[in-house]
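Derivation of every value follows stated rules applied to the coordinates shown; laboratory data play no part. Here the structure is a predicted model, which is why all the values come from computation and not from measurement. Every residue, glycine as well, gets a Cβ built from its backbone with ideal geometry; the counts of neighbours run over all protein chains shown.
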Amino acid sequence: MRTWRLVVVLVLLIAACSESGSSDSPTSTGPSVDTNATSAAADETTLQEVATTTTSVANSSTTAFETDGIEVSDEILDYLTAVEELLTGTAYEDAVSEDPDVFVATGFAFCERLTQGEEPADVLGFYVETLTGSDIEAAGDDELTLAGTVLGTAVGHLCPEHTAAIEQGF
Amino acid sequence: MRPGLTVSLAVAVFMTLFTAGAIADEHEKLTGLDRAARATMQGLEKSQGRATEAPGQENRAQGLDKQRDKVTGRERAAAAIAAALARGNGNGNAFGRGHAAEVLGILTGELPDELNETNHGQAVREMVHAYNALRKADGGG
């Protein structure tokens, strides 16, 4: 009688073990870095999946601030904070909080131009002229402040390797 | 009114006007590039000020205040990014997903060749236009 019970218990235990072994195979845990977040999202990935994808940001060297499952580097957050502060009182005062992605993209684009060896003055000139549709000398204070602020803070926070180029470039 | 007081007042008014005129003249003399360069240096200095911030004992209270402001600033920036993503999410249509993916791409340093102008506020549309021109002149990265 006792032996029979023991056999039943053993069979149940084996069944339970095999069950748990098969269920834990594809679960991913922890904040994995998903470098394919963008392309995956472009390929019909649902919004939910995009928003919950944990993304480590380029140049992130310090502790990241996490919001809604997205890790954004301190450099980017400090860049946006500085730009917003410096644009207070201009026509672009609220633009940072409304369209932060455009400011980050423009900052990175400035960095890229400097990396390609372009002079800061040329980057500024080209940008302001495209922004206003006229010569930099005819540009308004707000547009000049915008362009200069984005360039200076981008170099300070996003690509500090170009600091010397800015300090010597004007 | 005493003559001495009148003279003092006249001198004060003259000095004020003179100083205001000098400032206006200086502003006039600065070229557009000078003014943009000045803003660039302000941006850089502000960034460097953050980077070199060293909390000394005598500045402890002030340092803590700055730290608090920084956290608040980061929170605001993070909230703005989350809002941009949420707005992109919209009702889950392809356009919304495209925008959310674009924001994520930008944050990871993957610059899109073009940004969609219609997805942004009026004040920023010219910025988007200028960004697109930057990228085109760049050869699209």
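Close amide H partners of A:E71, meaning residues 5 or more places away or on another chain with modelled amide H under 5 Å apart, are A:T55. 3J(HN,Hα) along region A:87-104: 8, 4, x, 9, 5, 9, 3, 8, 5, 5, 6, 7, 9, x, 4, 5, 5, 5 Hz, from the Karplus curve 6.51 cos²θ - 1.76 cosθ + 1.60 with θ = phi - 60°, whole Hz, x for Gly and Pro. Pair-distance distribution P(r) for region A:78-170, from all Cα-Cα distances in 5 Å bins starting at 0: 3, 15, 26, 25, 21, 10, 1 percent.
For region A:128-170, the alpha carbon convex hull comes to 72 Å³ per residue, rounded to a whole number. 3J(HN,Hα) couplings calculated from phi for region A:149-161 with the Karplus curve 6.51 cos²θ - 1.76 cosθ + 1.60 (θ = phi - 60°) are, in sequence order, 5, 5, 5, x, 6, 4, 5, x, 10, 9, 9, x, 5 Hz; Gly and Pro show x.
Electrostatic tally near A:E129: other residues with Cβ closer than 11 Å to its Cβ, Lys and Arg +1, Asp and Glu -1, net -4. Model label points for A:A121 and B:A10, set 7 angstrom from Cα along the Cα-to-Cβ axis, are 4.7 nm apart.
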